[in-house]
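Q: Quick one: structure below, then a few questions.
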């Protein structure tokens, strides 16, 4: 899939799905289906318009692009969202972006899509334009609830990564560079690859999770290691099962599959090691058959 900045896009006939698409969840996938192009905004508009109210994001642009590419989309067009762009009228957005710049023949949006200055543009304005065919996709329901990025952020924050995955249509994931730690995991017999969660991205509740890291199963701790009180702050610590090697400086993607337990403070190192052994075996039991 080609990733293009709006200013570099060449006018050609396009079937365009328009939206922020944070998380690329089931509702987003319904909007994207059947289109060759996705138009999205970077950064998230709320970070420009009301930064104090901006949500923790489910997906940074790189991960969003990866997920969208898996849907058969040919091109992702990225709009640099700033105050100047935010002050465009809805008609200017339709005329200058969708028609003149991108050559839209079909435009697909979600039922709650709003655009233009003060979010005054409506889906009715899109469907009334005769230069393209507009498709307005109803909000998607799953497991008895409306699928939304807001709902999924709440599930991730609670540690319910299994329900989050059902609404996403894929595992929730975190990507980051492996950083140095205190090597305590290696001393305990469970070496870890450590990632510091980015401040603006959603992170699962503190606890231990069954995860996948590439082709490997992993027991992952999210938290601050209360048994040791080392003051290092929040870390995502991934113990890759049956792996030996140096991952420092590499980019890893951790896919969260199930929460095993909350983060605990143990009275002794031996008690911690015993629990870690149980965690690893539970990861094997939960995930090995689906990976084989």
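Q: Could you please let me know if residue 62 is closer than 28 Å to residue 254 by Cβ, without any contact (Cβ under 8 Å) to a residue 12 or more places away in the chain, in a helix (DSSP H, G or I) and under 12 Å from the mean Cα position of the chain (by Cα)?
A: Values: closer than 28 Å to residue 254 by Cβ: yes; without any contact (Cβ under 8 Å) to a residue 12 or more places away in the chain: no; in a helix (DSSP H, G or I): yes; under 12 Å from the mean Cα position of the chain (by Cα): yes.
No: the conditions fail for residue 62.
Q: If residue 150 meets every condition in (1) surrounded by 14 or more Cβ atoms within 10 Å (Cβ to Cβ); (2) touching a residue at least 60 places away in the same chain (Cβ under 8 Å); (3) over 26 Å from residue 1 (Cα atoms) apart from one, which number is that one?
A: (1)
Q: Which residues, counting only those in the stretch 121-168, are assigned to a loop (DSSP other than H, G, I, E, B) and within 23 Å of residue 15 (Cα to Cα)?
A: Of everything in the stretch 121-168, those that are assigned to a loop (DSSP other than H, G, I, E, B) and within 23 Å of residue 15 (Cα to Cα) turn out to be 122, 128, 129, 130, 131, 132, 138, 139, 140.
Q: Answer yes or no as to whether residue 118 is out of contact with any helix residue (DSSP H, G or I) (no Cβ under 6 Å at 6 or more places or on another chain) and at positive phi.
A: In short, yes.
Q: Follow-up. Residues being outside any helix (DSSP H, G or I) and farther than 25 Å from residue 162 by Cα: count how many of those fall in the stretch 249-276.
A: 5
Q: Check 272, 234, 240, 247 and return the single one that is touching a residue at least 12 places away in the same chain (Cβ under 8 Å) and more than 15 Å from residue 190 (Cα to Cα).
A: Every option except 234 fails the conditions.
Q: Okay, next question. Hey, among the residues in the stretch 1-31 that are part of a strand (DSSP E or B) and over 22 Å from the mean Cα position of the chain (by Cα), which one's farthest from residue 123 (Cα to Cα)?
A: 14
Q: Related question: For the stretch 104-121: of the residues being out of contact with any strand residue (DSSP E or B) (no Cβ under 6 Å at 6 or more places or on another chain) and more than 15 Å from residue 139 (Cα to Cα), which is surrounded by the most Cβ atoms within 10 Å (Cβ to Cβ)?
A: If we take residues in the stretch 104-121 being out of contact with any strand residue (DSSP E or B) (no Cβ under 6 Å at 6 or more places or on another chain) and more than 15 Å from residue 139 (Cα to Cα), then 116 is surrounded by the most Cβ atoms within 10 Å (Cβ to Cβ).
Q: Going by what's in this entry, would residue 233 be described as closer than 30 Å to residue 45 by Cα, loosely packed, with under 14 Cβ neighbours inside 10 Å and at pLDDT below 90?
A: Considered against the rule, which asks whether it is closer than 30 Å to residue 45 by Cα, loosely packed, with under 14 Cβ neighbours inside 10 Å and at pLDDT below 90, residue 233 comes out as yes.
The values are calculated or read from the model by the stated rules, or taken from the named source; none is laboratory data. Just so you know, these numbers come straight off a predicted model, no measurement behind them. A quick note on method: Cβ atoms are made from the backbone with ideal geometry, for glycine too, and the neighbour counts reach across all protein chains shown.
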